[in-house]
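Accompanying notes for the structure given below.
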């Protein structure tokens, strides 16, 4: 493991947080690293949860972030004499300046009313996700139970994200209600619930695979402009190196998978793509897709990427949730049958394997208990998909061979 990773996730991290909390007038009771974003030959960013006792005797749960590399303004700077570290306390993320506003109920009520929604009374806030220095999503619920999702991004990205949603207004994506210059985008809620929620709570899920394809077909051609996205296969080498840095014992396997899925020429025509399509991005109702969430990465690419991303995530979810595996794999099989009516089966399996390789970085990133075992299980799953050249056969074999039984977190980067 690299020196930066050891510094930011090991015992020195606790010492660092103790200093920062102490300077704020508190005592650090306990802490844990919850997210690790390590970029080989770049900066490393880590998120932490902590329990703090303050001078008046009260105890609170807190979230902190820390990073190495070039440090942004607005952080507490610490050093061990070799490596400089920057630390901050949520919501004061140095690269998400709008986050304190998004986390303030009074400010959010004003913003929601400014977007044209009536709001008689206090709003409730819930942090749906937070990736330090990258993005956050705050769910705002009005007194009449309407939901608005506030996406917090770097200021330079807010207008483009708003315009992307407006461009896709005729597709099944959330309506953008407006944006701010400091990095907020207000998105209306969509009907239904996520496919992941359905898969993890219902004994059997019947998903209309045609409705998935129709939702992707509805993405406007205006999104398929600019530079062609690198495919999951072409990005696989990066994820292999992330795994190699965190767990050198898996380096050879990860690099071999990356070599197997890489390609130097297009494997399909250019189309508008979602860019990060997985079961938590699909809103469903009565077995049909009602919407696509999170089109931040939408652009010009190959349908193989969206199809492979969805199947790769389902393969991992089935491995992690053996009680639900039959239902999850059934949905995946129906999707594979529909996708391969238009796409090459072997190429699709390769993209799914590339996505599973990217997900093999997840257990370490979110610091799951037994993350090495879970990383190995995901590498084995990617190898199965490549060997069988099929989601249905590869995922089913990997699921039946045993593996991890706890779903601690499957959130993707």
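The values are calculated or read from the model by the stated rules, or taken from the named source; none is laboratory data. Please read these numbers as outputs of a predicted model, since none were measured by experiment. When we count neighbours, we look across all protein chains shown, and the Cβ atoms used for this are built from the backbone with ideal geometry, even at glycine.
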Would you mind stating whether residue 136 is part of a strand (DSSP E or B), at pLDDT 95 or above and under 19 Å from the mean Cα position of the chain (by Cα)? yes
Here is a check on your reading of the model: is residue 229 surrounded by 15 or more Cβ atoms within 10 Å (Cβ to Cβ), touching a residue at least 60 places away in the same chain (Cβ under 8 Å) and touching a strand residue (DSSP E or B) at 6+ places or on another chain (Cβ under 6 Å)? yes
Quick check, is residue 209 crowded, with 16+ Cβ neighbours inside 10 Å, farther than 19 Å from residue 298 by Cα, touching a residue at least 60 places away in the same chain (Cβ under 8 Å) and under 21 Å from the mean Cα position of the chain (by Cα)? no
Which of the numbered conditions does residue 47 fail, given that it passes all the others? Conditions: (1) more than 23 Å from the chain's Cα centre (by Cα); (2) surrounded by 17 or more Cβ atoms within 10 Å (Cβ to Cβ); (3) not assigned by TED's automatic domain parsing to the domain that holds residue 131. (1)
Kindly indicate whether residue 85 is more than 23 Å from residue 361 (Cβ to Cβ), touching a residue at least 24 places away in the same chain (Cβ under 8 Å), in contact with a helix residue (DSSP H, G or I) (Cβ under 9 Å, 6 or more places away or on another chain) and surrounded by 15 or more Cβ atoms within 10 Å (Cβ to Cβ). no
I'm trying to understand the selection: among the residues of the range 141-165, which are within 13 Å of residue 105 (Cβ to Cβ) and either part of a loop (DSSP other than H, G, I, E, B) or more than 20 Å from the chain's Cα centre (by Cα) (or both)? 141, 142, 143
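Here is a yes/no grid of residues against (1) in a helix (DSSP H, G or I); (2) closer than 12 Å to residue 391 by Cβ; (3) modelled with pLDDT of 95 or more:
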site	(1), (2), (3)
314	yes, yes, yes
319	yes, no, no
323	yes, no, no
332	yes, yes, yes
336	yes, yes, yes
343	no, yes, yes
350	yes, yes, yes
354	yes, no, yes
Determine whether the range 336-355 contains at least one residue that is under 19 Å from residue 246 (Cβ atoms) and crowded, with 23+ Cβ neighbours inside 10 Å. yes
